[in-house]
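Worksheet: one structure, shown below.
The values are calculated or read from the model by the stated rules, or taken from the named source; none is laboratory data. In this text, all values refer to a predicted model and were calculated from it rather than measured experimentally. Cβ placement follows ideal geometry from the backbone for every residue including glycine, while neighbour counts extend to all protein chains displayed.
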Amino acid sequence: MKPTSALLAALALLAALPVLAASAPGARAAILDGFAERARAADPGFEGFDGERGRALFEGDWGLGKPDTPSCTTCHGPDPRRAGQTRAGKTIEPLAVSVTPSRFTDPDEVAKWFFRNCRSVLGRECTAQEQGDFMTFATGL
Ligand code: HEC
């Protein structure tokens, strides 16, 4: 490689760095936008997400799904900044984005786990509003 092309290659790499660094927040923003779109479709009066409602969902003792999982905290523990445990004793990495930066970056994972976990705890799927509220809560911690 000539010195100039090496320099150009190095510059191109440097230019790409901010894009790489921004990809997780960008993925989260896209997922949250999707929830907002669905929440608005379900309720034209939708006024945005609220992390405190997300906290209430997380901490609530619902007992509406499976008898051994009355709350999100049953598996995730009371503090989303700390690890939780599955019923089988397997460690679950913290849900708080500040501790586990990969949280809420893969739309399929997010959809799969909300679907499963809301049914386990609430006995139904979570609404787009609830999912956005919870995501806002866990992202803001
Ligand atoms: C039966 C145990 C259990 C319960 C109860 C539970 N979860 Fe989970 N949750 C898991 C497991 C296991 C995973 C997947 C492993 C991982 O992501 O680390 C997970 C992953 C998630 C994720 C995926 C986050 C991401 O994108 O990486 C979200 C969101 C989530 N849970 C929210 C909730 C909410 C909200 C509740 C309450 C309504 C809840 N969970 C109740 C076990 C549980």
Open item on the list: Which residue is farthest from Gln129 (Cα to Cα), if the candidates are limited to segment 37-96 and must be crowded, with 16+ Cβ neighbours inside 10 Å and touching a strand residue (DSSP E or B) at 6+ places or on another chain (Cβ under 7 Å)?
Closed with: Gly84
Open item on the list: Of the residues Thr91, Thr86, Thr69, only one is more than 6 Å from the ligand (Cβ to nearest atom) and of a type in the set (Val, Ile, Thr); which?
Closed with: Thr91
Open item on the list: Anything in segment 56-72 that is in a helix (DSSP H, G or I) and touching a helix residue (DSSP H, G or I) at 6+ places or on another chain (Cβ under 6 Å)? List them, or say none.
Closed with: Leu57
Task: All positions within segment 116-130 that are assigned to a helix (DSSP H, G or I) and near the ligand (Cβ under 10 Å from one of its atoms) - done: Arg116, Asn117, Cys118, Arg119, Ser120, Val121, Leu122, Glu130
TODO: Report whether or not Asp133 is in contact with a Gly (Cβ under 8 Å, 6 or more places away or on another chain) and more than 9 Å from the ligand (Cβ to nearest atom).
DONE: yes
Task: Every pair of residues 6+ apart whose Cβ atoms lie under 8 Å, when the first sits in segment 78-99 and is on the phi > 0 side of the Ramachandran plot while the second is surrounded by 13 or more Cβ atoms within 10 Å (Cβ to Cβ) and outside any loop (DSSP other than H, G, I, E, B) - done: none
Open item on the list: Between Arg103, Arg28, Arg38, Arg87, which is assigned to a loop (DSSP other than H, G, I, E, B) and modelled with pLDDT of 95 or more?
Closed with: Arg103
Task: Test: Trp113 is within 9 Å of the ligand (Cβ to nearest atom) and assigned to a helix (DSSP H, G or I) - done: yes
- [ ] Sort through Arg119, Arg53 and tell me the only one that's touching a helix residue (DSSP H, G or I) at 6+ places or on another chain (Cβ under 7 Å) and of a type in the set (Lys, Arg).
- [x] Arg53
